[in-house]
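A short worksheet on the structure shown next.
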Amino acid sequence: MINASDIHKESDVLRKVTDFYLASTEFNGIPIRSLMDNLKVKETEMKGMMRFLITSKKISLNFGDIHPNPHIKALPEQKEDVQIEKLLKSDLRNVCAYPSPSHLDGAVDPSKYEGRPFTLRLALGEPQMSHFSFDLSVLEFYRNDPRYYYTSNDIGGTICVNDDYAQSHDMAASDKVLLQTFGFSYDSRFDRAVAVFLWYLSRLSPEHQQIWNAKILKGDYKLHPDYFRTSVMGQFPEGVSIFDAFMEEMHQTNEMCRLMGRPTLFREEFVEREKPKEFGFLIRPTLKHFSDFVLLLDKMISENINREFFLSDVPFEYDEVRDDGKVVVRQKGSVQILDEWLGKHFRTKDREPIEEMIAAFKEIRRLRQRPAHAIDEDVFDQEYFRKQRKLIIKAYKGVRLLRLILTNHPSVRGHKVPEWLQSKRIWDH
């Protein structure tokens with residue numbers, strides 16, 4: 001038979017757990033030890049009440065053994081039998097109690113969180129590290145606005161207000177937002193999305209929570225493996241973005257050129273701090289954005305090849321006989337010059353990889369030239385994500401091959417490239 005005083009005590013415990021959770025600024029769990037002191041309850045009695053409230057689906061316990069901080073509900077609650085087993089073995093020193101989502105559903109007044117859909121989700125008991133996926137176009141609002149500092153390595157990124165505007169009255173306080181971290185996620189077709197943990201979404205202003213909520217995606221999206229590894233597991237990343245690897249290959253190629261006593265092969269190196277914002281995976285799959293990326297990629301490759309590197313090894317001009325019989329001197333393209341130089345200075349029985357590289361560089365130039373000579377209606381199509389991925393993979397293989405070819409030169413055989421460039425996974429999605 002249930003004692004009326006026990007019911008009163010358990011109700012009092014549930015009320016205090018709920019009030020503490022909703023009143024705290026970070027939706028914290030209440031330490032059970034402080035509950036015992038406040039209610040003057042002994043450990044055995046408290047464990048009995050906790051067990052009853054768990055089986056009644058009123059509360060859940062966080063033991064700090066799955067996520068190191070028991071004071072926040074970072075991850076979903078464990079199964080009831082697992083909680084009870086741990087409860088009976090625990091001394092309750094580092095255990096925190098949380099109201100269950102089913103209890104909060106009737107205890108929370110949604111009107112208190114009007115305009116803050118993500119804060120409401122926390123109030124209703126969703127884990128802080130649950131992630132939501134959004135249409136990539138939501139990033140344009142920040143990337144294209146100079147008032148924001150936007151960074152992304154195609155695995156994760158951050159958004160904050162530039163220092164010049166942080167104290168400015170010309171920018172609305174509601175727009176002075178910070179998104180400490182965001183990542184990327186994928187569906188089964190490798191369609192890309194932005195992924196943000198609920199906690200960071202809840203810290204946005206109401207106005208910006210509405211912006212993000214309007215772009216939320218349904219479906220099964222999984223976090224990028226390295227974003228999960230660093231943000232959830234607290235481990236070092238396994239790989240690097242193909243775009244960062246591309247820039248490092250260019251840098252290492254230039255380093256080898258210097259050791260060879262030649263001018264650098266690439267006129268400009270795009271080190272990380274100078275990385276163009278647009279040099280990454282598309283955030284909107286349209287013909288315009290794809291064409292803009294092709295233009296940038298061609299500038300980084302064909303237009304960036306330094307003719308001084310070739311010295312006088314190969315001619316830069318050729319004679320063309322016109323239909324009227326006159327001979328006209330034409331300038332060779334930089335990719336053609338590179339191809340001829342490799343044919344003269346790098347002997348190999350298998351020239352197929354070089355031919356694939358040259359074909360890729362020429363394909364990029366050809367794709368660039370179409371927007372320059374045609375007016376096309378802009379088109380939205382997820383296929384542009386896949387086209388871009390295929391193109392950057394080809395381009396990366398090309399610049400990597402150039403670096404590997406130069407390693408055969410006697411002056412650079414002792415040169416060591418960063419270990420990660422050879423051992424780490426290169427993320428191409």
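What is the distance in Å between the Cα centroid of the range 101-135 and that of the range 272-334? So the two Cα centres are separated by 52 Å. Taking 7 Å steps out from each Cα toward its Cβ at Glu352 and Arg307 produces label points 3.4 nm apart. Per residue, the solvent-accessible area of the range 4-107 (1.4 Å probe, heavy atoms of protein chains only, all protein chains present) comes to 53 Å². Computed from point charges on the beta carbon alone (+1 for Lys and Arg, -1 for Asp and Glu), the dipole magnitude for the chain about its Cα centre is near 820 Debye. Whole-Hz Karplus values for the range 165-172 come out as 10, 4, 9, 7, 7, 7, 10, 4 Hz, taken residue by residue from phi with 6.51 cos²θ - 1.76 cosθ + 1.60 and θ = phi - 60°; glycine and proline positions read x.
Between Ser202, Ser102, Ser133, the residue with the greatest mean-square fluctuation in the GNM of the chain (Cα pairs under 10 Å linked by springs) is Ser102. Projecting the Cα positions of Gly48, Thr25, Ile354 onto the charge dipole of the chain (unit charges on Cβ atoms of Lys, Arg, Asp and Glu, taken about the Cα centre) puts Gly48 furthest along the positive direction.
Restricting the calculation to Cα atoms, the range 114-235 shows an Rg/Rh of 0.96 when the hydrodynamic-style radius is the Kirkwood one. Within the shell of other residues whose beta carbon sits under 13 angstrom from the beta carbon of Gly261, the net charge comes to 0, with Lys and Arg scored +1 and Asp and Glu -1.
If the reach is capped at under 27 angstrom between alpha carbons, list the lysines near Lys86, excluding any in the same chain fewer than eight residues apart. Cross-link targets: Lys9, Lys16, Lys40, Lys42, Lys47, Lys57, Lys58, Lys73.
What number comes out for accessible area per residue over the range 241-427 if the probe is 1.4 Å? Units Å², please.
On a per-residue basis, the range 241-427 sits at 56 Å².
Using the Cβ-Cβ distance between Asp220 and Lys16 with R0 set to 35 Å, the FRET efficiency from 1/(1 + (r/R0)^6) comes to roughly 0.40. A straight Cα-to-Cα reach below 23 Å connects Lys416 with the lysines Lys397, Lys424, residues fewer than 8 places away in its own chain not being considered. Annotation: lysines with alpha-carbon distance below 18 angstrom to Lys332 (same-chain offsets under eight excluded): Lys299, Lys344, Lys362. Take every DSSP beta bridge whose two residues both sit in the chain; close to 90 percent of them are antiparallel. For the range 241-427, the ratio of Cα radius of gyration to the globular rule of thumb 2.2 N^0.38 Å stands at 1.12. A probe of 1.4 angstrom, applied to the heavy atoms of all protein chains, finds Arg330 with accessible area near 100 square angstrom. Among the protein heavy atoms of the range 4-107, carbon and sulfur supply 53% of the accessible surface, probe 1.4 Å, non-protein parts ignored. Taken as Cα centroids, the range 354-429 and the range 225-251 sit 18 Å apart, rounded to the nearest whole angstrom. Comparing Gln167, Gln128, Gln83 in a Gaussian network model of the chain where C-alpha atoms under 10 Å apart are linked, the largest mean-square fluctuation is found at Gln167.
The values are calculated or read from the model by the stated rules, or taken from the named source; none is laboratory data. Computed from a predicted structure; not experimentally measured. Neighbour counts run over all protein chains shown; Cβ positions are idealised from the backbone, glycine included. Surface accessibility is based on the protein's heavy atoms, side chains included, excluding ligands, DNA and RNA. Shrake-Rupley method; radii C 1.70, N 1.55, O 1.52, S 1.80 Å.
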